[in-house]
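Please read the structure below before turning to the comments.
Where a number appears in this text, it was derived from the coordinates with a stated rule and is not lab data. Nothing here was measured: the structure is a model prediction, and the numbers come from that model. No Cβ is skipped: glycine too gets one built from the backbone with ideal geometry, and neighbour counts run over all protein chains shown.
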Amino acid sequence: MPLENFGSILNFAEEIESQDQAFYEVAANNPACAAFRQLFSELAAEAGKNVKAIQRTRRENVTEMILEPIRDFVRAPFCEACEGAGVLGAAEVLETARRLEARAQRYYTEAAEKISALPEVSRSLKGFGKIRKARQAKLAGLEA
Amino acid sequence: MTLPLMKNYINGEWVESNSTTLGDVWNPAKGEKIAQVAYGTKEDVDKAVRAAQQAFWEWRTTPPLTRARYLFRLKDAFEENFEDIARTLTTEQGKCVDEARGEVRRMIENIEHATGVTTLMCGYTLEDIAKDIDCTGHRQPVGVFAAIVPYNFPGMVPWWFLPYALVTGNTFIVKPSEQVPMTQTRIFEIVDQIGFPEGVINMVHGSKEVVNALLDHPGINGISFVGSTPTAKYIYRRCGETGKRVQALGGAKNIVAVMPDANLAASMPSLITSFYGCSGQRCLSGAILAPVGEVADELVEKFAAAAKAMKIGNGLNEQTAMGPVVSEAHRKRVLGYIEKGIAEGAKLILDGRNFKVLDYPNGFFLGPTIFDHVKPDMAIAREEIFGPVVAVVRCKTLNDVIELVNTRGFANAACLYTGSGAAAREFKYRVKPSMIGINIGIAAPMSFFPFGGAGQSMFGDIKGHGQEIFHFFTDTKVVIERWL
């Protein structure tokens, strides 16, 4: 499905954050992941905050006039499955978490580029990308 | 299934009209009835006016900064409910959800601008206008104002006026369009939570009877209107007869001209948005595309290709670029103009008459439509169609474009695409419309600039929002003082 307008790009960002929030909330309650409970809870809470920040970006920067087209940007490369956070072992959960963080960072980086005609939105998306990079660093050194 | 009934909001309470005449509210994408609205009566209007009059004195003596604080709270509440308002708007009006979001944003921006009251409402003073005599001009609120608003922007348009009226100390009555009463009802549910003093802000649903009652009521001091030119003229005349202040914004036939030196690739997105945004149901829609000289063939070809590529469907789908028109009756009216264009001999190069959206077979959809080789005297080049129909009038020179713009009668907005500063200056200097775009399509002025046209597009002196609107809602009382 194409992501070729303001609304669809921000909506997909919201979907990513909501999906990740749900994943980390379940993972935090997975007994196999007890060692990472606090981290997963923090990541879930942060994703929740990001949802609100994305909604704010969408509210405050929407324009009635499309001045620059957005082309060749679709959802498919950024869709990730993340079932089983409550039943998988810690290693698999960590692996999925790393995959989700990398996906989000990639999405935000590319979306920021695509929507560069709206600098405030682009800056905001870059900011979310930075957050995801930092989260990847947190997850990188962890072992189950 | 019982449909929800839209109620009036009078004196801080939700009340049912005493009317037995009900109108249907439709989801235009699905072609389904989704609500009902009572067509209010003279008695409903009288109740609202009395409540607004009762509330006036206490409200006008409330410090401006305190009044502004109500608006700050309202802004926060609208931000919280932003998406819900936008989706309600799309559901009953049909426009794409991004357009609806843009509309809600513009609505909020008017509140933000109005909160500058402590600067914008200030009067002025000059000492020593004569020996030992000083003179002061005070801006004072006037009383009760009302807004009568159209179906194409059910969220935003009342708020071109309402925040300024309130913040300057007046009380207010909104009459939403009977075709789209749900958005303003949702907005008033939020207003209700803010805790304005009873009677300061009221809403009466209805149709002609409510309009006439507002125009006739001696307790109303001024009317803000946005709609078609015939109705704007009627409102203006009636307000003159009953001694009310009035700003009546009417229709349009906006021309978008493209010079041979324009950057077509960079211009196409804003060109398409200008003509097909809100399915052409905007007083700031492009209506006539006027290529100048040799650019015509290439422009028409590229414009038609871009129009054809638009995704049309339910506005709630984020992928949709153009939604349905507001009603079946309006769809038929637009179809009538397409038939008229064919009969007049214009060349139909993109035909949206039989356009179908598979998932929504009952929706009020029209496809993008383009007529080429339209003559300036054809009906489709003179009359407001208010739909996704573009008339291409080929011009030889910039002078021809300016002549075309200045002979439409309407003078709302116009745009020129060009790489030449001299051509741009010539255009913006000589054309009659009051809202001009250069290389940006037909763009709407933001809340801190005035909105309104000239000629047959605007009746009255003071336009919507901008700094000037503080004059519409205040009287300048001049005090000349001498102390012995």
- Nearest-0.05 FRET efficiency for A:Ala140 and A:Glu42 at R0 = 22 Å, using Cβ-Cβ distance, is 0.90
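Within a 10 angstrom radius of each residue's Cβ in A:52-63, how many Cβ atoms of other chains show up on average? Whole number is fine.
Values: counts 0, 0, 0, 4, 2, 0, 6, 10, 5, 2, 12, 7.
What the average comes to for A:52-63 is 4.
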- Note on the structure: When B:Arg353, A:Arg135, B:Arg186 are arranged by how many other beta-carbons sit within 10 Å of their Cβ, fewest first, they go B:Arg353, B:Arg186, A:Arg135
- Between A:Met1 and B:Lys311, what is the label-to-label distance in nm when each label sits 7 Å out along the Cα-to-Cβ direction? 0.8
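Work out how much length B:Arg425 to B:Ser228 would gain on full extension: take 0.36 nm times their residue separation and subtract the Cα-Cα distance, in nm to one decimal.
Separation in residues times 0.36 nm, less the Cα-Cα distance, equals 67.9 nm.
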- Task: Could you pull out which residues in the range B:36-66 have an amide N less than 11 Å from a spot 7 Å beyond the Cα of B:Asn18, following the Cα-Cβ vector?
- Result: B:41-47
- Message: In the range A:1-27, whose amide N lies under 11 Å from the spot 7 Å out along Cα-to-Cβ of B:Gln319? List them in ranges.
- Response: A:1-4
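Calculated FRET efficiency, B:Lys33 and A:Glu15, Cβ-Cβ r, R0 41 Å, to nearest 0.05?
That gives a FRET efficiency of 0.80.
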- Would you mind listing how long chain B runs along its three principal axes, going by Cα atoms, in whole Å with the largest first? 77, 68, 40
- Query: Simple spin-label model, 7 Å along Cα-to-Cβ: B:Lys340 to B:Thr125 in nm?
  - Reply: 5.8
- Message: What FRET efficiency comes out for A:Asn29 versus B:Ile190 if R0 is 35 angstrom and r is the Cβ-Cβ distance? Round to the nearest 0.05.
- Response: 0.45
- Quote the convex hull volume per residue of the range B:118-239, based on C-alpha atoms, as a whole number of Å³. 147
- Restricting the count to DSSP beta bridges whose residues both fall in chain B, what percent are antiparallel, rounded to a multiple of 5? 45
- Query: If one computes the Cα centroid of the range B:189-231 and of the range B:400-471, what distance in Å separates the two points?
  - Reply: 28
- Cα-based Rg and Dmax for the range B:337-484, where Dmax is the largest Cα-Cα distance (Å): 21.0, 83
- Item | For the range B:4-60, radius of gyration divided by Kirkwood radius, i.e. Rg to Rh on alpha-carbons | 1.13
- Of the residues A:Asn30, A:Asn61, A:Asn11, which exhibits the maximal mean-square fluctuation in a Gaussian network model of chain A defined by a 10 Å Cα contact cut-off? A:Asn61
- Projected-area average for the protein assembly as shown over all orientations - Cα convex hull basis, square nanometres: 33.9
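Restricting things to Cα coordinates, could you compute the convex hull volume per residue of the range B:192-300 in Å³? Present the calculation step by step, with values, prior to reporting the outcome.
Working: hull volume 18.9 nm³, N = 109.
Enclosed volume per residue, from the Cα hull, is 173 Å³.
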- Rel. contact order, % - alpha carbon contacts under 8 angstrom, at least six apart, the range B:243-324: 30
